[in-house]
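J.: Structure in structure tokens, see below.
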Amino acid sequence: MSWGTELWDQFDNLEKHTHWGIEFVERYTKFVKERSEIEVNYAKQIRNLSKKYQPKKNSKEEEENKYSSCRAFLTTLNELNDYAGQHEVIAENLTSQIISELTRFVQDLKAERKSHFHDGRKAQQHIENSWKQLEMSKRRFERDCKEADRAQQYFEKMDADINVTKADVEKRSSLKARQQAQLRHQMAEDSKNEYTSCLQKFNQEQNEHYYTLIPHIFQKIQDMEERRIEKVGESMKMFAEIDRQVLPIVGKCLDGMTKSAESVEPKLDSNQVIESYKSGFEPPGDVEFEDYSQPMKRTASENSLSNSRGEGKDKPSGKSKPKLWPFIKKNKGSGPEDCSHLPPEQRRKKLQAKVDDLNKEIQKEVDQREALTKMKDVYLKNPQMGDPNSVDPRLSEISHNIERLKLEVQKFDAWLAEVEGRLPLRNDQSKRQSGLYDTQNNAPVNNNCAQDRESSPDGSYTEEQNSETQIKAPSTEFDDEFDEEDPLPIIGTCKVLYPFEGQNEGTMSVAEGEMLYVIEEDKGDGWTRVRRSEEEEGYVPTSYVEVFLEITKGAMTYI
């Protein structure tokens, strides 16, 4: 069916319909544009979400990636980032393949429609002008015919009137009336011929207008409208295909998320917890019974302090309590360079990681030295390419760095060997082990870094007595001081912040919150000498007490 034959008289309606069709294409283009903006915003939000939960460098989150569940989550974030990229691809394809195409198509469509309807209006104006000319010739013919009839009637009247006076006859002779009648008839005949000619011309033009010109114009408009509809259909199909094109990659992203979720291994993660926090300590032994039924010997004066202290060496004291937990309060900060503040297993891992990092740095420096050496050789063979001597300062600097790093490796290797038991402990630590770490239950002394750990209120890990940078264990010389020196005067008081089980010679067990007398300040070895009663005094870690000096001076006799 053709618009030219079926809709020959619907020019105005076709104009409205084609205008609506272009508006529909523009509305669909706007819809696709808004969809593209949604995809861009969605991709941006997904990327921001993935970036927000990515582990930060040198952070706790990065360390947590050793667990399979954390690695799976990281993989999910990466896949989600790729997933967001596919939505960006959708937005780009919607813009390039639909929005841009439809925008150009609408512009061309508007220009073509304007041209077709301009031709239609021109043809319509032409036929209307032909119709007006026909009407004018028709009215002229009609007017001339009426005037010819009136002239004929007047002539016949004049010719038949016998009562006309002579003057009238002379004035209005029948001859003149006849001539006027003949003239009018001639004009009527000419008008008739003109009307006939105009009529024939109009009929011919009208036939050509409605059967040739208008069908041709309307056919072009129909073709234009069908192309518009076809273009919209193709765009709708492309709208779905653009989504379909990214489905395989989206599916791979989802498969990656699924695979990462399936890679989570609870047993492996639980074992990793052991690897991360294993201290290497042995569980504490049984707590021995402490017999408080035996009466304690007290002296009446300070003069008997030395004797009673001498007797006290032969009997068990409050220092015989075994360790209830093999840990001491964790140091704040990064700790010493040799990681002696860490439990043995953690220390070994930390030192091993440091050695590995140093070896990597050495390898980088070696590679850089080789590259500079090759460059220098090229300069020597081809002086025009550069000065060989310009490389020497950098080579010297690299050699210095390598030597420095090797010394660092040796240092950490020694600490690592120490903690692994491959080498004996350092001299200062060996001196401390000469009978200083024997406990009341005769526990054997070993080279493990956990040998002198004590209990801490927070149960965290540190090492107080196995490192020069931490609290030094009191030596047997402390006991000599008790025997040889006179009783020391009280120089202050102190409050015990944390419980301490003094299991070594010269130390004293204290309870949290207990108030003691200070008789000797910390001399830089990390120990403070305190007194509880006349026959009980010893050393406690300085970090375990809060000291108040110059409160009480002079000796005191216990009753």
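The values are calculated or read from the model by the stated rules, or taken from the named source; none is laboratory data. This is a predicted model, so every value here is computed, not measured. Using ideal geometry, Cβ is built from the backbone for each residue, glycine included, and neighbour counts are taken over all protein chains shown. These accessible areas exclude ligands, DNA and RNA; they are computed on the full protein's heavy atoms, side chains included. Shrake-Rupley method; radii C 1.70, N 1.55, O 1.52, S 1.80 Å.
J.: Would you check if residue 83 is under 30 Å from residue 263 (Cα atoms), open to solvent by 70 Å² or more (accessible area, probe 1.4 Å) and not in a loop (DSSP other than H, G, I, E, B)?
T.: No, not satisfied.
J.: Pairs under 9 Å by beta carbon, first residue charged (D, E, K, R) in the stretch 518-533, partner part of a strand (DSSP E or B) and at pLDDT below 85, six or more apart or different chains?
T.: These pairs meet every condition: 521/549.
J.: Also, I was wondering about something else. Can you spot a residue in the stretch 58-74 that is of a type outside the set (S, T, N, Q) and either modelled with pLDDT of 95 or more or surrounded by fewer than 13 Cβ atoms within 10 Å (Cβ to Cβ) (or both)?
T.: yes
J.: Same structure again: Being over 30 Å from residue 236 (Cα atoms) and of a type in the set (A, V, I, L, M, F, W, C) is the filter here; which residues of the stretch 38-97 pass it?
T.: Within the stretch 38-97, 49, 70, 72, 73, 74, 77 qualify.
J.: Now a separate question. Would you please list the contacts, defined by Cβ atoms under 7 Å and residues six or more apart or on different chains, that run from a residue in the stretch 346-362 that is over 16 Å from residue 63 (Cβ atoms) to a residue that is small (Gly, Ala, Ser) and not in a helix (DSSP H, G or I)?
T.: Filtered contacts from the stretch 346-362: 347/340.
J.: Sticking with this structure for a sec: Please find, within the stretch 1-18, the residue that is nearest to residue 238 (Cα to Cα) out of those that are touching a residue at least 12 places away in the same chain (Cβ under 8 Å) and in a helix (DSSP H, G or I).
T.: 18
J.: Go through 220, 267, 252 for me and flag whichever is open to solvent by 50 Å² or more (accessible area, probe 1.4 Å) and within 27 Å of residue 22 (Cβ to Cβ).
T.: Going through 220, 267, 252 in turn, the sole match is 220.
J.: Hey, can you tell me all the residues within the stretch 1-23 that are surrounded by 13 or more Cβ atoms within 10 Å (Cβ to Cβ) and within 30 Å of residue 88 (Cα to Cα)?
T.: Scanning the stretch 1-23 gives a single hit, 22.
J.: Can I ask one more? Only one of 49, 94 is over 30 Å from residue 229 (Cβ atoms) and in a helix (DSSP H, G or I); which?
T.: 49
J.: Of the residues in the stretch 270-279, how many are charged (D, E, K, R) and surrounded by fewer than 13 Cβ atoms within 10 Å (Cβ to Cβ)?
T.: Total meeting the criteria: 1.
J.: Filter the stretch 118-174 down to residues that are in a helix (DSSP H, G or I) and at pLDDT below 70, then give me how many there are.
T.: 7
J.: Does the stretch 53-70 contain any residue that is assigned to a helix (DSSP H, G or I), free of Cβ contacts under 8 Å to residues at least 40 places away in the same chain, hydrophobic (A, V, I, L, M, F, W, C) and closer than 28 Å to residue 249 by Cβ?
T.: Within the stretch 53-70, one or more residues are assigned to a helix (DSSP H, G or I), free of Cβ contacts under 8 Å to residues at least 40 places away in the same chain, hydrophobic (A, V, I, L, M, F, W, C) and closer than 28 Å to residue 249 by Cβ.
J.: If you scan the stretch 352-379, which residues turn out to be among the basic types (Lys, Arg) and within 12 Å of residue 402 (Cβ to Cβ)?
T.: Scanning the stretch 352-379 gives 364, 369.
J.: Any idea which of 42, 53 is open to solvent by 80 Å² or more (accessible area, probe 1.4 Å) and touching a His at 6+ places or on another chain (Cβ under 8 Å)?
T.: 42
J.: Could you tell me which residue of the stretch 388-417 is farthest from the chain's Cα centre (by Cα), considering only residues that are open to solvent by 80 Å² or more (accessible area, probe 1.4 Å) and of a type in the set (D, E, K, R)?
T.: Ranking the candidates gives 403 first.
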